[in-house]
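These notes are about the structure you will find just below.
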Amino acid sequence: MLDKTLITRSQDDIFEHLQEFIVAKQGEQVIGVSALHVYGSNLAEVRSLVVSPNAQRLGAGHQLVQACEVMAKQLGVTRIFALTYVDKFFIAQDYAVVAKESLPQKIWTVCIHCPKFSHCDEIAVSKAI
Ligand SMILES: CC(C)(COP(=O)(O)OP(=O)(O)OC[C@H]1O[C@@H](n2cnc3c(N)ncnc32)[C@H](O)[C@@H]1OP(=O)(O)O)[C@@H](O)C(=O)NCCC(=O)NCCS
């Protein structure tokens, strides 16, 4: 399921945030994963979203995003975002493209440590929930 569209996360990072992850299953088989990271009551992020190539275009990605939104809403979060190369996938789910500068909680805590920080070509998308 490795894809150059996803930024690599270390095993320690994944373990540290393991409780943020949800999976999509087909029978007993995990076919997709995503994570919800909460920055505060005004902001949460859909992270590490990926669906197995042979299970794509069957609705799992949409369901994973929806599940993140439901979890965020239940926590009282009012806005959700993603940094992505598949902006059209999110726009189809009522997200809008926004300036990365509107997400300082992400940029100055996470992105600043990313090797691509100075030349990031991901697109920020966001939605009020
Ligand atoms: C993006 C991704 C998670 C979508 O998962 P999926 O299960 O295929 O998505 P869905 O089946 O729920 O798609 C729902 C709709 O989103 C849109 N969509 C899905 N994948 C898309 C893509 N790659 N580009 C543009 N639009 C896309 C389509 O409108 C689709 O409906 P349709 O199939 O009827 O046309 C999957 O393609 C993937 O894992 N990509 C590689 C990793 C990645 O880019 N992750 C995003 C990081 S933020």
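Overview of results
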read-out	value
For I123, residues with placed amide H under 5 Å, excluding near neighbours	T84, Y85
Integer Hz, Karplus 6.51/-1.76/1.60 couplings in order for segment 111-122, x for Gly and Pro	4, 4, 8, 7, x, 9, 3, 7, 9, 5, 10, 6
Charge context of L36, other residues only, Cβ under 9 angstrom, K/R +1, D/E -1	-2
Segment 17-106: relative contact order as a whole-number percent, Cα under 8 Å and 6+ apart	24 percent
Per-residue HN-Hα couplings for segment 8-25 [Karplus 6.51, -1.76, 1.60; θ = phi - 60°; Hz; x = Gly/Pro]	4, 10, 6, 4, 4, 4, 5, 5, 4, 10, 4, 5, 7, 8, 10, 10, 9, 10
Overall form of the chain per C-alpha gyration tensor (a/c, 1.5; a/b vs b/c)	rounded
Simple Cβ-charge dipole of the chain, Lys/Arg +1 and Asp/Glu -1, about Cα centre, in debye nearest 20	220 debye
Calculated from backbone phi, Karplus (6.51, -1.76, 1.60) coupling profile of segment 30-47 in Hz, x at Gly/Pro	6, 10, x, 8, 8, 9, 10, 10, 9, 9, x, 5, 9, 7, 9, 10, 7, 10
Lys pairs under 20 Å by Cα in the chain, provided they are eight or more residues apart or on distinct chains	10
The chain: antiparallel DSSP beta bridges as a percent of all, rounded to 5	90 percent
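Every number here is computed from the coordinates shown, using simple stated rules; none is lab data. Small disclaimer: the values here were computed from a predicted structure and weren't measured. When we count neighbours, we look across all protein chains shown, and the Cβ atoms used for this are built from the backbone with ideal geometry, even at glycine.
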